[in-house]
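The values are calculated or read from the model by the stated rules, or taken from the named source; none is laboratory data. These numbers were taken from a predicted model, which means no experiment stands behind them. Don't worry about glycine lacking a Cβ; one is built from the backbone with ideal geometry, like all the others, and counts go over all protein chains shown. Note: areas computed on protein heavy atoms with side chains; ligands, DNA, RNA excluded. Shrake-Rupley method; radii C 1.70, N 1.55, O 1.52, S 1.80 Å.
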Amino acid sequence: MIKEDGDTVHYLSSEDTAVDQIMIKEDGKVIYKSSSLNKKQLEASLRKWKDNSETTEFFRDYNNDNQALLIQNKDDFAVYLIDDMTEIDDIITQMWEYLIIILLIVLPVVYIIVRYINKSYIAPISEVTYASKLLAEGNYKVRVPESSVTETKDLYISINILARTLQSLNNEQKLQRNRLETTLQNIPSAILLVNNHGDVVISNDTYNRLFNNDGPSLKGYYEEAIAYSAINRMIKEAIATEKTINETLDIKINVHQKYFDAAVVPVLSKTRKKLEGVVIVLHDITQLKTLEQMRKDFVANVSHELKTPITSIKGFSETLLDGAKNDAESLDMFLNIILKEANRIQVLVSELLELSKIERNNHLQLTPVDMSDKVKNCVEVVQPLALKKNLEIKMNLDDEVFVQAEPSKLKQVIINLLSNAINYSSDNDEIIVNVRQQDGLSILEIKDNGIGIAREEQIRIFERFYRVDKARSRDSGGTGLGLAIVKHIVEVFNGEIEVDSRLGEGSTFRVTFKAL
């Protein structure tokens, strides 16, 4: 402008320029200077400009009221422009103000939109996801609050229906499982369940009590868990043939011999093409076997006991018919023998009928009985028998020892035990009878010093027709039913009987009842 128009100075002084301070030099001589120019400030700005960089044409001093200096050297002219930068700062400040205002308006709107999206979509999905995890873990009581948002309402309802259905199915499954477990555990038969891999998955209490000494339920492969080869053999055969196997097993458990009606049943799939496992049922028939053997022994014993006297009666009757009846002495002797054998048959039949009545237990009327008084009466009854062998019966009786019993049957028990003690004692010996109350029990003890009973025979002496000394028992007219009758009577009275004996040292029979 200076080169082309010589009146530039007048223009600059007359125009309202945007720059605060202007100075123009030509050949180092100031040809124009604004009235507001501060020469000292200019010199200070030039010094700072030279200290920072001499190559730049622009320098801004932030420490001096935020001023900026622009120097333009061209040809012989030098132009200095000094201006405050407050306008830019104002613009920046104003921009920030506008930005803050915009943010204050936009952020709430964005917050509301995000909150709506979160409440309507994200939160329901999170709740449904959490509820699904709880359902997968087996917590079927979980429920999600139903939403009013149309998009998620059906999802909430579906999850709640699913939870209720799963809870109902789980409750039904638990009920069925409890019923099955209760049934299995209370079945008197021993039951095992082996899966298709051969692992024992169920063993009920009866099996654990009989075969596992009340130990924990069996686990693991059946050939390792089950210690009885006969059972393992049946399981292997049932798995191989996929058919039911039935056998009667004779198994020794500890020291006892037991009999079981065993059945191994394969469990097939619905299509009956795949084996799911096998069920083993072991029904204890030891008692039935024992009763069957007892029945056989009973028939054999009764036949044997009746055979001898019947044979004697028949033989002597035939002898009399053949002519011995004409001999008065022989007639009397044979008739006495026939009478004795007939009496023996009568006693045997009477005791069998008595034993049968006691077992039915439907005719006894129990009343309080003083056992001490009853023992005194019974001793008086057997005293003549004891005097024949010069035996002394010593009594140690507490007063008023009452028991609940039927008087005549209690007398039968005492007389039977006293008679045995007399029969199996040596001459010139003694028998001791004790009656006492102890620990809520009424106790009767009859002790002798006779032949005694071997340990292996002590468990059998209460069996029917069993005799410790068969010759002496027959000579004394015994039938072998006395102790069997005693045992049954005592059991009817809710008492217990036991024997303590050593061979050659005598025996002690002890009867205990609940004291009144």
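How many residues does the range 173-194 contain that are open to solvent by less than 90 Å² (accessible area, probe 1.4 Å) and either more than 24 Å from Y207 (Cα to Cα) or outside any helix (DSSP H, G or I) (or both)?
Counting residues in the range 173-194 that are open to solvent by less than 90 Å² (accessible area, probe 1.4 Å) and either more than 24 Å from Y207 (Cα to Cα) or outside any helix (DSSP H, G or I) (or both) gives 7.
Could you tell me whether any residue of the range 297-319 is more than 57 Å from the chain's Cα centre (by Cα), over 30 Å from L184 (Cα atoms) and not in a helix (DSSP H, G or I)?
Scanning the range 297-319 turns up no residue that is more than 57 Å from the chain's Cα centre (by Cα), over 30 Å from L184 (Cα atoms) and not in a helix (DSSP H, G or I).
I'd like to verify a number: residues in the range 200-209 that are in contact with a strand residue (DSSP E or B) (Cβ under 7 Å, 6 or more places away or on another chain) and either among the hydrophobic types (A, V, I, L, M, F, W, C) or open to solvent by 60 Å² or more (accessible area, probe 1.4 Å) (or both), how many?
Selection size over the range 200-209: 3.
Can you tell me which residue within the range 398-419, out of those that are in contact with a Lys or Arg (Cβ under 8 Å, 6 or more places away or on another chain) and open to solvent by 40 Å² or more (accessible area, probe 1.4 Å), is nearest to V486 (Cα to Cα)?
The residue in question is K411.
Every residue in the range 57-98 that is assigned to a helix (DSSP H, G or I), open to solvent by less than 90 Å² (accessible area, probe 1.4 Å) and modelled with pLDDT of 75 or more, please.
Within the range 57-98, I92, T93, Q94 qualify.
Considering only the range 189-237, how many residues are within 19 Å of R179 (Cα to Cα) and either more than 18 Å from the chain's Cα centre (by Cα) or of a type in the set (K, R) (or both)?
1
Given the condition assigned to a loop (DSSP other than H, G, I, E, B), of a type outside the set (G, A, S) and touching a Pro at 6+ places or on another chain (Cβ under 8 Å), answer yes or no: does some residue in the range 227-243 qualify?
Yes; the residues of the range 227-243 include at least one that is assigned to a loop (DSSP other than H, G, I, E, B), of a type outside the set (G, A, S) and touching a Pro at 6+ places or on another chain (Cβ under 8 Å).
Yes/no per residue for (1) farther than 28 Å from G495 by Cβ; (2) modelled with pLDDT of 85 or more; (3) touching a helix residue (DSSP H, G or I) at 6+ places or on another chain (Cβ under 9 Å):
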residue: Q293; (1), (2), (3): no, no, no
residue: N301; (1), (2), (3): no, no, no
residue: I313; (1), (2), (3): yes, no, yes
residue: L331; (1), (2), (3): yes, no, yes
residue: I345; (1), (2), (3): yes, no, yes
residue: E354; (1), (2), (3): no, no, yes
residue: A386; (1), (2), (3): no, yes, yes
residue: D398; (1), (2), (3): no, yes, yes
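For V114, state whether it is within 38 Å of the chain's Cα centre (by Cα), open to solvent by less than 90 Å² (accessible area, probe 1.4 Å), free of Cβ contacts under 8 Å to residues at least 40 places away in the same chain and farther than 30 Å from S203 by Cβ.
Judged against the criteria, V114 is not a match.
Looking only at residues in the range 1-56 that are modelled with pLDDT of 65 or more, in a loop (DSSP other than H, G, I, E, B) and open to solvent by 100 Å² or more (accessible area, probe 1.4 Å), which one is farthest from F77 (Cα to Cα)?
Out of the qualifying residues, it is S35.
Cβ-Cβ below 9 Å, separation at least six or inter-chain, first residue in the range 248-270 and at pLDDT 80 or above, second open to solvent by less than 20 Å² (accessible area, probe 1.4 Å) and assigned to a loop (DSSP other than H, G, I, E, B): which pairs?
That search, which allows pairs on different chains as well, returns F260/S189; D261/S189.
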